[in-house]
Every structure is written in structure tokens, then in C-alpha cells.
Amino acid sequence: MSEDVPELDPGVLEAFIEEYLQLDRKVQQPEGLYSILSGPREKQYQDSLRYFLDPQRPHGFDETLLEAFLECLNVHHHNLPGQHVELETEVQIADAGSDGRIDLMICGGSALSDHPQWGVFLELKVGATEGQNQTPTYAEADRWNFSWFDSDEVIVDRLTDTDYAYLKRDSADDATADSFRSVAWKDLVDEFDRQLESSLFDYPHRSVVQFTDFIQSLKETEHMDSPFDESQLSERLDLYFEYSDLIEQVEKANSQFESDFEDLSKYLRSNWEARLRDSYDFEASGWLVSPSSNPKWQGLLPAYWNQDPLNSDSTIRLYFRHSPTTDSLRNRTLSFRLRLPPQRHVHTTPQSGGRSFNDVFTSLASTEYADQFGDALAAVDVDETRLGSASELCSKEYPLDPQNLAGSYFAQLDAAVGEFCVDNPELLTVLNEVFEQTYQTVFETEPAGEFPGQLQPKG
């Protein structure tokens, strides 16, 4: 840790929680969570939209809210079910000599593509006005620092569809750039209400409560439904001033914990390779480790599964991946998965036979070789099998010990390598058969070298 976590008096903390709960219980219609959180309202809305609009998040709304949101923006051309969607906040322009961060970007397309097919660019305004030349700068940007699988850049000219929107108060001025559609927060509220008014009970209760709080905050922004309760406000502020030191300590502790998770992620990213090399003989086994500066993309594989059929910088690769990200550490989980890169041209570009490597591989794996895969994966007891999906053919999650995250991560990584790469030659054999058959079909030649078999422990 870079500094000590501040000590909190348990008695004072307990008293604050009890008083806060009592205050909350006696108020019939308490203020929404957004009204008592610190920080700019725009940042809160950025994070909330990123969460609720992402079909992959565990809120249970799936694509419903994203579809309603795009409908409000008059964006109708995206068939969301079956597509992969990524969202990021505070996305920076990647053009040389240009500067600026747009509040929210939504990109979607095929998970087998190395680049998204469509993008929605959003600037959010609650109290602030548009900065000088802000939306014109965003509209003219050619490249953005946005993560799409292994790629960290989105090129506007490669997007089939682009939409720009400027969310603001109804009474505020429209965006300067003509390409930005100006949409009022109240219109977004109306659209969400229209879409969900008859179906809220179809979704998880906790998510409905959270989303309702978000909607209430949007209504307050537009003064649609925001009665001012002076006595309630005074009681809350009195409670804040009484416990201001404690609240500052909690905020400081949370900031330190954020830093600690980031430090641990960097430590695991920098040391996992050495730990595995202590236990396994990669050189003698003919295996490779594939570290990355991005914690999401750490991997290992037989060298034979790393081929260069087109004599280019982009290679064919079938590998096992783990990701010591801060999110995985917070969730106390190591996820070990088998994947083909869905973003590399050499994987996704149709060759002489008219089909790509990933298309042929996933087709063979999910049809002709499905039974063999099923038998081999049963021995590993995987959590998920998606042989038709290149980005995650199969995966298994390993729990981490919250009392020893670093040590248990290394231990569980060793266990995962043992299960998938050492003790299951049947799985490696069927993977290699599909790899070789796919390679021969797509590139009309044999892979270079020989398959080495499983990874060998030292000693």
C-alpha cells in the first residue's frame, strides 16, 4: 500500500449508520441516492448510463434499456440481440494534435470482427454549458481511444453507422455541431417510462430500485418531480456535519482501496509468468507465455498454435487466457478461458476458400468435434462452453481467497494450468486436430513445426 488506511472508530461508524437509517426510515419519500452522493452529477450519469445500457452487466434488463435509449436518440438501425456491445466513459480523441474527451461512447458489432460496426457518441450536460468548439471537435475526430477486444482504437471511417447525441436540460441550448442531435433529459425519462411502465416486475427487484432512483434523479434535473423538503435537507446536513470527519475517512479509505486493487493487478500482471516458469518447463515443452501490458490479455499456448501463414505481423493464435484485472480481483475470481482472437484480420478475413479461420474452427468445434470436446471438457468441469464463439470457446472460474488475493491468484492459476494444459491431453489433442484441419482448409498448407503435446512440469 502507498499509505496506511485511516483507522475508523467502530463505535462512531455504528452510531452514524444507525442515525442515518433512522432518518431514512422516517422520511416517507427520501431523496434519491444521486442527491446525496458527492461528485459532479454528469459523472454520476455517465457511470449510471454505462451500467444500465450495457446488456452484459448483471442488472437483468438485457438489451431493453439500450433499445429504449437508442429509440429516444432516433437511432433505429441496430439489431442488438446477438451483437457484442461495449461502452466506455471519458473516451479520449486519438488524433495527433487533437485533444478532448467525450462523455460516453457505445460501439457494437460482431464479436468476430476486429472493429465495431457502429458507434454512438454522447456528450452529457446537466449544469454546465458546452465548452468552446467542443462538439465540433468531437464531430471531426477520426480516431478514438476505445477498447474493442484486443484493439484499443476505434476508427470512425471504419464504422458503418455513426450517431452523435447531446443530452441536456430541456431549457438549455442545443449543441453547436449540426451533427449532434440534441435530446432533453426529460425526453429520455419519458421514453424509459413508456418502455418499462408495464414490465418492471419482469426484472430483478434490486435493479428496478436502482434504476428507479436514476430516473428520479433525471426528473430532478429537469424539475419534473422534485419537491423541496427543507426539514429533510436540514436533518441530512446536520448528520453530515456531525460525522464529517468519519465521512472523510471513509472516502479516503475507499480511494486507498482503489489504489490497492490497481497495485495488486499490476503486481500479478508482472509476476505470473515467473511463477509459472518456476513450476513448468516452457522451453522443453515447446510452449509460450504471452504477457501483455493490459491485464485483460495474459496468456499461454503451445508454440505450434502460434503460426504466421501470411508472413505478416498478425499471427494465427489459439491460446489460454487469464485476466488479473481490478474487477476480477474485486469479484475474488480468476477466470481461465480458451479463445481465438476475434479481432485479428488473419483470423477473420476470408481466404481462398471464402471462409475465415475463426469461422471454420468454430464450425468444426461445434459440429463434427462437439462430442469429443464434450468428453474432454467434462474432465475439467468447465463453467461455460461456447464452441461457436471464438472469443470464449470455454471458461472456468476459480475462487480467490480474500485474505490472500495475490497468493491465491498464483495458486489458482497454477491449478488452472494443471487442469487445462498438463493433465488433460485429450483436450489438447482434439484442440490440435481442429486447429490443424482448420489451418489446412483455410490456408491450403500445413502448419509449420510439430504439435508438442501438453506442458511439462519441472523436475
| query | Taking only DSSP H segments of four or more residues, each worth -39500 (n - 2.57), what value at 222 nm results for the chain once the sum is divided by all its residues, to the nearest 500 deg cm²/dmol? | reply | -13000 deg cm²/dmol
| request: List the longest stretch of the chain that has no exposed loop site; here a site is one of the GluC sites (Glu not before Pro) assigned by DSSP to anything other than H, G, I, E or B, with at most 14 other Cβ within 10 Å. | output: 198-367
| request: Could you work out how far helix 405-417 tilts from the main Cα principal axis of the chain, as a 0 to 90 degree angle to the nearest 10? | output: 30
| task | Return the distance in nm (one decimal) between the two label points of a simple spin-label model at residue 205 and residue 74, each offset 7 Å from Cα along Cα→Cβ. | result | 4.2
| Within straight cross-link reach of residue 296, meaning Cα distance under 16 Å, which aspartates and glutamates are found once same-chain residues fewer than 8 apart are removed? | 86, 88, 150, 152, 153, 262, 263, 273, 327, 392, 397
| message | If you fit an axis through the alpha-carbon atoms of helix 230-242 and take the longest principal axis of the Cα set of the chain, what angle between them do you get, 0 to 90°, nearest 10? | response | 60
| request: Provide the gained length on full extension for the span residue 19 to residue 290, in nm with one decimal, where the gain is 0.36 nm per separating residue minus the Cα-Cα distance. | output: 92.3 nm
| message | Over region 32-228, what is the relative contact order in percent, taking alpha-carbon pairs closer than 8 angstrom and at least six residues apart? | response | 20
| remark: Honestly region 272-443 on the Cα gyration tensor test (a ≥ b ≥ c root eigenvalues; a/c under 1.5 rounded, otherwise a/b vs b/c for prolate or oblate) is just prolate
| residue 383 to residue 255: extension gain in nm, 0.36 nm per residue of separation minus the Cα-Cα distance? | 42.7 nm
| task | Compute the relative contact order of region 272-443 as a whole-number percentage, counting only Cα pairs closer than 8 Å that sit 6 or more residues apart in sequence. | result | 20
| Those lysines that a straight Cα-Cα span of less than 20 Å connects to residue 219, excepting residues fewer than 8 apart in one chain | 43, 125, 168, 186
| said: Let me spell out the model: positive unit charges on the Cβ of Lys and Arg, negative unit charges on the Cβ of Asp and Glu, origin at the Cα centre of the chain. What dipole size does that give, in debye rounded to 20? | reply: 980
| For the chain, what relative contact order do you get, as a whole percent, if you take Cα pairs closer than 8 Å and at least 6 residues apart? | 13
| query | How much length is gained if the chain between residue 99 and residue 169 is pulled fully straight, taking 0.36 nm per residue apart and subtracting their Cα-Cα distance, in nm to one decimal? | reply | 22.6 nm
| message | At 0.692 mPa s and 37 °C, plugging the Kirkwood radius over alpha-carbon pairs of the chain into Stokes-Einstein gives what diffusion coefficient in µm²/s? | response | 130
| task | Report, in degrees rounded to the nearest 10, the 0 to 90 angle that the Cα long axis of helix 10-26 makes with the longest principal axis of the chain. | result | 60
| task | List 194, 41 from most exposed to least, where exposure is judged by having the fewest other Cβ atoms within 10 Å. | result | 194, 41
| query | If you place +1 on the Cβ of every Lys and Arg and -1 on the Cβ of every Asp and Glu, how big does the dipole about the Cα centre of region 272-443 come out, in debye to the nearest 20? | reply | 680
| task | Calculate the spin-label point distance for residue 312 paired with residue 415, positioning each point 7 Å from the Cα along the beta-carbon direction, and give it in nanometres. | result | 4.1
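Values in this text are rule-based calculations from the coordinates and carry no lab data. Computed from a prediction, not measured in an experiment: that's the story for all the values here. Counting neighbours? That spans all protein chains shown, and the Cβs are built from the backbone with ideal geometry, glycine included.
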